[in-house]
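Got a structure here, written out as structure tokens. Questions coming.
Bear in mind that the values in this text are calculations on the coordinates, not laboratory data. Bear in mind that the values here come from a model prediction, so they are computed numbers and not experimental data. For neighbour counting, all protein chains shown are included, and Cβ atoms are generated from backbone atoms with ideal geometry for every residue, glycine included.
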Amino acid sequence: MNRRLVVFFLSLACVFVSCSKEHFDYPKKFFSSWNSCEALTALQEYVEDVTNPFSLNYIKEEDRIVTFDMDGTFVGELYPTYFEYNLLEYRVLNDESYKDKAPADVKEAAQNIRDFVRNGKKLPDHFDMIHANAAAKAYAGMSVAEFDAYVKAYAAKPANGFIGMTYGQSFYRPMLEVFDYLSANGFTFYVVSGSDRFICRALVDAIGIDPRRVIGMDVRLKSSSQGSEPGVDYTLASDEDLIRTDELIIKNLKTNKVLQIVQEIGKVPVLSFGNSGGDSAMHNYCLSNELKSAAFMLIADDEARDHANRQKALSLGEQWREAGYHVISMRDDFKTIYGYGVQKVDFSFQ
């Protein structure tokens, strides 16, 4: 055989061996916090299929769009409730600089949260909207930068119900590995949360998520010197701040998540990750894609390492499977949730 041909085939063999080894090493490289499980296998098989240029299901990189809910999907929400609920309770009932200024309806919403987390009292119906409107008022007048600093200062406090973790460190380690894996395979992911957009941005800044890829609840902003003049008539000066108003624009839940995805991303996702019924509309929109798609629901079924209700979680898991979603079990699928130095303890209320 011609020497050049021998060299060519030997080089080609080395390429195939190298590719095979990299493919085999994916679980070790990206998923050290995962146990072998059905959901992880489904994700890997999906990614391998749609990134294979010879597959009939191949998806171009520009169309590899992924949406992630935040609270309960890759950030803790059981300490003892959502971060933004805890923050509002603190702002209204504990923050000496504000608590005497809070309007009556804002105080009532904060007290509802306190009664819920401390005494188990049921939250009022439609509390998501009650909270959203109360939060808009509670932070009105803060500049965008001031609010970012306020959120990060609270996030630096120890997470209630845990030792070895602040609120700002309460990321699910296995889900961060999913971010890394998808990024390495040419996917672009967006955070699509029911929480305030600027709260989400402040929290995910620690893990390097671009603020342009964060979608959440929104309040109207205005210039610090604008007064009541409409923005279409007002010209911002270079020395002005942008401040939050008390006007809620949208609570980003259920179908509103889909509307925001359409408005801000402009493409139907091919992968979607969530943990509650508030994410089902986003999942269903993803599954409507003509390209191959998949949706994943995480269930909080680990009562040993998190403040979970396993019976409720398992019931939800069956519901999600029937809806056509893959189910991720925190108890069975995660080797660690928050990291090996974090320990669950009883809640503390002062």
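Pick from ARG331, ARG118, ARG310: which is most flexible by mean-square fluctuation in a GNM of the chain where alpha carbon atoms under 10 Å apart are linked?
Highest fluctuation among the options: ARG118.
Once both labels are modelled 7 Å past Cα along the beta-carbon direction, what's the ASP210-ASN185 spacing in nm?
The answer from the label model is 2.1 nm.
For the pair PHE127/GLN111, report the inter-label distance in nm, with labels modelled 7 Å from Cα in the Cβ direction.
It works out to 1.5 nm between the two label points.
Could I ask something else about it? For region 286-333, which GluC sites (Glu not before Pro) are both in a DSSP coil and crowded by at most 16 other Cβ atoms within 10 Å? Could the numbers behind the result be given before it?
Working: sites: GLU290, GLU303, GLU318, GLU322; in loops: GLU290, GLU303.
Of the GluC sites (Glu not before Pro), the ones in loops of region 286-333 whose Cβ has at most 16 other Cβ atoms within 10 Å are GLU290, GLU303.
Shifting gears a bit: Within straight cross-link reach of LYS122, meaning Cα distance under 15 Å, which aspartates and glutamates are found once same-chain residues fewer than 8 apart are removed?
By straight Cα distance, LYS122 reaches GLU108.
Check the straight Cα-Cα distances from LYS292 and name the lysines below 16 Å, setting aside those fewer than 8 residues away within the same chain.
Cross-link targets: LYS60, LYS267.
Pick out, from SER224, ASN52, ASN309, the residue whose Cα sits farthest towards the positive end of the charge dipole of the chain, with +1 on the Cβ of Lys and Arg and -1 on the Cβ of Asp and Glu.
Toward the positive end, the furthest listed residue is ASN52.
Still on this structure, please answer the following. As a test of the formula, what do you get for the chain when each DSSP H run with n ≥ 4 contributes -39,500 (n - 2.57) and the sum is divided by the residue count, at 222 nm and rounded to the nearest 500 deg cm²/dmol?
Per the formula, -13000 deg cm²/dmol.
Further, regarding this structure: First measure r as the distance between the Cβ atoms of LYS60 and LEU259, then evaluate 1/(1 + (r/R0)^6) with R0 = 25 Å and state the FRET efficiency to the nearest 0.05.
Efficiency for this residue pair is about 0.50.
Need one number: nm distance between label points at ILE249 and ASN94, each 7 Å from Cα along Cα→Cβ, rounded to one decimal.
So the label points at ILE249 and ASN94 sit 3.0 nm apart.
For every other residue with a beta carbon closer than 11 angstrom to the beta carbon of PRO269, add +1 if it is Lys or Arg and -1 if Asp or Glu, then tell me the sum.
Charge balance near PRO269 sits at +2.
While we're looking at this one, here's another question. Give me the orientation-averaged projected area of the Cα convex hull of region 83-163, in nm², one decimal. Write down the numbers at each step before the final one.
Values: hull surface 22.7 nm².
Seen from a random direction, the Cα hull of region 83-163 projects 5.7 nm² on average.
If neighbour count is taken as other Cβ atoms inside 10 Å, put ILE299, ILE163, ILE65, ILE243 in order from fewest to most. Present the calculation step by step, with values, prior to reporting the outcome.
Values: ILE299 26, ILE163 11, ILE65 23, ILE243 20.
In increasing order of surrounding Cβ atoms, one gets ILE163, ILE243, ILE65, ILE299.
Normalised by the residues of the chain, what does the relative contact order come to in percent, with Cα pairs under 8 Å and at least six apart?
23 percent
Select from region 51-92 those trypsin sites (Lys or Arg not before Pro) which occupy a DSSP coil region and have at most 16 other Cβ atoms within 10 Å, ordered by residue number.
Sparse-neighbourhood loop trypsin sites (Lys or Arg not before Pro): LYS60.
Then there is this: Mind checking region 80-144 for GluC sites (Glu not before Pro) that DSSP puts in a loop (not H, G, I, E or B) and that have at most 11 other Cβ atoms within 10 Å?
Those that pass, being in a loop and sparsely packed, are GLU96.
Continuing with the same structure: Using a 7 Å offset from Cα along Cα-Cβ at ASN309, what residues in region 106-131 end up with backbone N under 19 Å from the label point?
Answer for region 106-131: 112-129.
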